[in-house]
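These notes are about the structure you will find just below.
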């Protein structure tokens, strides 16, 4: 994983920092010293500014991005100087040095030796040299004990452990109106891929899972953006995003690659973008979404034949929009069987077809629904309380709740199972 991707999957905010309980004057002095180090080491790079600003926000609970600027060099020693609060004395040398090393490591670990020199020249005194040496050994030497809060250590450990994992890349493919955007929204738990009647863009969009619920991170051009409010953003803003998936995939290091609908009659670039991605092979599995109402079309067979000829990766077939079926006129079991036969006629040996209602799963996972969404969800709950709409039963599965009955859990389980094979 490259540095850009590591930054969008990074956990930015810490739940509890030792400086949180200090008076505002000490917090400000601490942050000014930290900003001085971060700004100088990164030459004012805005990407480091994002790391600093969110770490600082965790400490004071408000925007501190204005502090990320050229600060007087003496602000470093002021940040770790002795402070008296009531009858107690505090010196935050351990916390300060740790934050300096951790933020620089998160920005670019290759700069840690430079940070050693910088802090030795500008941030060391007879009272702090042992604490500085301890952090140098810990971050650069990779050894030794460290005197620091459990929260700071746990934050770094969570990031490091997640970065060590391999990212499973899932290429999501569908024809227009199969419900691809809704499926992605259901898998991540947000209204992030906007569902629209008009044509989508002809680009790929990579959506990475973050290990915890820590806002959204993404790039616009070369600028790194972070926002704690995920709901105010969409995939229209960028081609590479990091956010925490509110699903059973939340603990999996995974990337969903959204592709354009392949049979868009308005823009032929959609076919080329998606088929180039399929043939390119930069993924570990394909999630193919078929519209249960209209599957078996000429357009669908065309893209399925292309996948069969040009991909060697495992494929998860999702038969979607089954919430629109009627028990009086339709047979879900026959539909699954017919689609499976169609896949076998193309050449797929043992295709796994998963019946699903992405819409029911998506609405069931939203934290906030508008009036129309609340009404639709209540109607779907009534419909899915009937045995006909217990989708997992058609493939020998079990559903324990609304999410389970929607069929999405079985798709997520299959993704995780395939992920463990790599």
Checklist entry - Residue check: is residue 143 surrounded by fewer than 18 Cβ atoms within 10 Å (Cβ to Cβ) and over 27 Å from residue 227 (Cα atoms)? => result yes
Checklist entry - Among strands (runs of 3 or more DSSP E) lying entirely in segment 202-308, which contain 1 or more residues that are under 30 Å from residue 158 (Cα atoms) and within 15 Å of the chain's Cα centre (by Cα)? => result 205-209, 216-220, 223-227, 240-243, 254-258
Item to check | Candidates 135, 153 - the one that is touching a residue at least 12 places away in the same chain (Cβ under 8 Å), in a helix (DSSP H, G or I) and either more than 30 Å from residue 305 (Cα to Cα) or in the same structural domain as residue 114 (by TED's automatic domain parsing) (or both) | outcome: 135
Checklist entry - Only one residue in 394, 398 is touching a helix residue (DSSP H, G or I) at 6+ places or on another chain (Cβ under 7 Å), free of Cβ contacts under 8 Å to residues at least 40 places away in the same chain and in the same structural domain as residue 353 (by TED's automatic domain parsing). Which one? => result 398
Item to check | Residue in segment 177-187 that is part of a loop (DSSP other than H, G, I, E, B), assigned by TED's automatic domain parsing to the domain that holds residue 239 and either out of contact with any helix residue (DSSP H, G or I) (no Cβ under 6 Å at 6 or more places or on another chain) or closer than 30 Å to residue 71 by Cβ (or both) present | outcome: yes
Checklist entry - Given (1) free of Cβ contacts under 8 Å to residues at least 24 places away in the same chain; (2) in contact with a helix residue (DSSP H, G or I) (Cβ under 8 Å, 6 or more places away or on another chain), where does residue 371 come up short, assuming only one miss? => result (2)
Checklist entry - Inside segment 42-77, can you point out the residues that are farther than 20 Å from residue 102 by Cα and assigned to a helix (DSSP H, G or I)? => result 66
Checklist entry - How many residues are part of a loop (DSSP other than H, G, I, E, B), touching a residue at least 24 places away in the same chain (Cβ under 8 Å) and over 20 Å from the mean Cα position of the chain (by Cα) if we restrict to segment 1-41? => result 7
Checklist outcome for this item: Note on segment 342-364: residues over 29 Å from the mean Cα position of the chain (by Cα), under 21 Å from residue 396 (Cβ atoms) and in a helix (DSSP H, G or I) are 342, 343, 344
Checklist entry - Residues in segment 284-303: is at least one closer than 21 Å to residue 385 by Cβ and in contact with a helix residue (DSSP H, G or I) (Cβ under 9 Å, 6 or more places away or on another chain)? => result yes
Checklist entry - Which of the residues that make up segment 374-386 are part of a helix (DSSP H, G or I) and out of contact with any helix residue (DSSP H, G or I) (no Cβ under 8 Å at 6 or more places or on another chain)? => result 374, 375, 378, 379, 382
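The values are calculated or read from the model by the stated rules, or taken from the named source; none is laboratory data. On a predicted model such as this, the values are computed, not experimentally measured, just so you know. Counting neighbours? That spans all protein chains shown, and the Cβs are built from the backbone with ideal geometry, glycine included.
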